1. With θ set to phi - 60°, apply the Karplus curve 6.51 cos²θ - 1.76 cosθ + 1.60 along region 92-106 and write out the HN-Hα couplings as whole Hz, x wherever there is a Gly or Pro.
2. Can you work out the Karplus-derived ³J(HN,Hα) for every residue in region 54-59? Use 6.51 cos²θ - 1.76 cosθ + 1.60 with θ = phi - 60°, whole Hz, and x for glycine or proline.
3. With unit charges on the beta carbon (Lys/Arg positive, Asp/Glu negative), name the residue among Thr101, Leu80, Thr62 whose Cα is farthest towards the positive pole of the charge dipole of region 40-119.
4. Give Lys83/Lys108; Lys70/Lys97; Lys85/Lys108; Lys42/Lys125 a once-over and call out the pairs whose C-alpha atoms are over 27 Å from each other.
Amino acid sequence: MGDIMKNHLLFVAISSLGLVACGTTKPIKQTSNAITPPQVVKSPDFRHLPTKSCKNGEFIHTSAVLALDKQGQVTGVSGLTVKDKELALHITQAFKKAKYTPYLIHGKPVARNLDVAISLKCPPKSRR
């Protein structure tokens, strides 16, 4: 229980037509259990998220808990605070297509949750 670790990963996706996602990386608290945190192998792709609920240039901030298996595959996403259910579904799907290295405890892969935070910037309204 003394091995609490929160990892916040950085995600950036640039697109002129879709949402832009970005976040901050915070230092990881090292523990006495020799835990190696996961690394991003394939970042989630947030470029084609629906923007119906977006306001011009607004940021949507959310955190999520990713359930990682022993291979680093995202098997579940929980804790999203996005009110738009369609947007939340698309964020979940993007995270599930991402790939990470697994957590390692004393060099052995383990299934474990990963806390992440993202900020999505709504695109400016197009001028026609």
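1. 4, 4, 5, 5, 5, 8, 6, 9, 10, 6, x, 4, 10, 10, 6
2. In residue order, the calculated couplings are 7, 9, 3, x, 5, 9 Hz.
3. Looking along the dipole axis, the top candidate is Thr101.
4. Result: Lys83/Lys108; Lys85/Lys108; Lys42/Lys125 exceed 27 Å.
Bear in mind that the values in this text are calculations on the coordinates, not laboratory data. Remember, predicted model here, so these are calculated numbers, not experimental data. A quick note on method: Cβ atoms are made from the backbone with ideal geometry, for glycine too, and the neighbour counts reach across all protein chains shown.
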